[in-house]
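Contents: one structure, followed by commentary.
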Amino acid sequence: AQRVTQPEKLLSVFKGAPVELKCNYSYSGSPELFWYVQYSRQRLQLLLRHISRESIKGFTADLNKGETSFHLKKPFAQEEDSAMYYCALRGYQKVTFGTGTKLQVIP
Amino acid sequence: GAGVSQSPSNKVTEKGKDVELRCDPISGHTALYWYRQRLGQGLEFLIYFQGNSAPDKSGLPSDRFSAERTGESVSTLTIQRTQQEDSAVYLCASSPGGGLAGAEQFFGPGTRLTVL
């Protein structure tokens, strides 16, 4: 079975503070992991994927197979980062999403 | 080209009625997914299509829920004898298919279903 856990429903940080959105997964094979974001009144969209090792809008995420984690990080939060963030795992024929973390950046 | 579209955008129905939700994926996308998002909760996987076959129906919550897909295009999600707990936003997503190219899902705007 594949499972994605996002332990925080809500994360509030001040503008300029570092951000870390936690994601842990359970999967027996070699996972593909993603972060999706949903801004207010917009569609859910892909933010980044682990295989690309990219930085999007200042966000990065490193796959740690030992800890089975894929935490999303940004050194300095911006107000426009306020959104709902979902971690997702693509396994065999199926994508599993976590329950999401709402990031609130306080000005 | 156009993204994923869903219709209707909003549906209000009475308990016990049947409803049909429609999803038009991006042209050429072979994979199609349905999710449910209850108020204040995360995405709940319902069903996945590869072409017009559904290898994974494990997320359908009950036999009142069913889904079909015609070829590699339109999909309909049908909920029979709706209950109040069916109230949610139903999201559809499509992706190009297998391999890395198929990894990103493109989401529709959702259908907000309210069962009175």
**Prompt:** Does any residue in the range B:105-116 that is more than 7 Å from chain A (Cβ to nearest Cβ) come within less than 6 Å, Cβ to Cβ, of a residue that is of a type in the set (Asp, Glu) six or more places away or on a different chain, and which pairs are these?
**Reply:** B:115/B:86; B:116/B:14
**Message:** With more than 9 Å from chain B (Cβ to nearest Cβ), under 10 Å from the mean Cα position of the chain (by Cα) and more than 23 Å from residue B:57 (Cα to Cα) as the only criterion, which of A:23, A:87 stands out?
**Reply:** A:23
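Out of all the residues in the range A:34-52, which are part of a strand (DSSP E or B) and within 10 Å of chain B (Cβ to nearest Cβ)? So that I can check it myself, show each step before the final result.
Taking the range A:34-52 as the starting set, the residues that turn out to be part of a strand (DSSP E or B) are A:34-38, A:45-49.
If the condition is that a residue be part of a strand (DSSP E or B) and within 10 Å of chain B (Cβ to nearest Cβ), then A:34, A:36, A:38, A:45, A:46, A:49 are the ones that fit.
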**Prompt:** Within the range B:4-41, can you find the residues that are outside any strand (DSSP E or B) and open to solvent by less than 10 Å² (accessible area, probe 1.4 Å)?
**Reply:** B:4
**Fill in**
Within the range A:53-67, the count of residues that are farther than 14 Å from residue A:36 by Cα and either at pLDDT 95 or above or part of a strand (DSSP E or B) (or both) comes to 1
**Message:** Among (1) open to solvent by less than 20 Å² (accessible area, probe 1.4 Å); (2) within 12 Å of chain A (Cβ to nearest Cβ), there is one condition residue B:88 misses while meeting the rest; what is its number?
**Reply:** (2)
**Message:** Quick test for you: out of B:71, B:59, B:97, pick the one residue that is open to solvent by less than 60 Å² (accessible area, probe 1.4 Å), in a loop (DSSP other than H, G, I, E, B) and either of a type in the set (A, V, I, L, M) or within 13 Å of residue B:35 (Cβ to Cβ) (or both).
**Reply:** B:59
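The values are calculated or read from the model by the stated rules, or taken from the named source; none is laboratory data. Worth saying up front: this structure is predicted, and the values here are computed from it rather than measured. Cβ sites come from the backbone with ideal geometry, for glycine too, and all protein chains shown count toward neighbours. The protein model used for the area step is the full one, side chains on, heavy atoms only, and it has no ligands, DNA or RNA in it. Shrake-Rupley method; radii C 1.70, N 1.55, O 1.52, S 1.80 Å.
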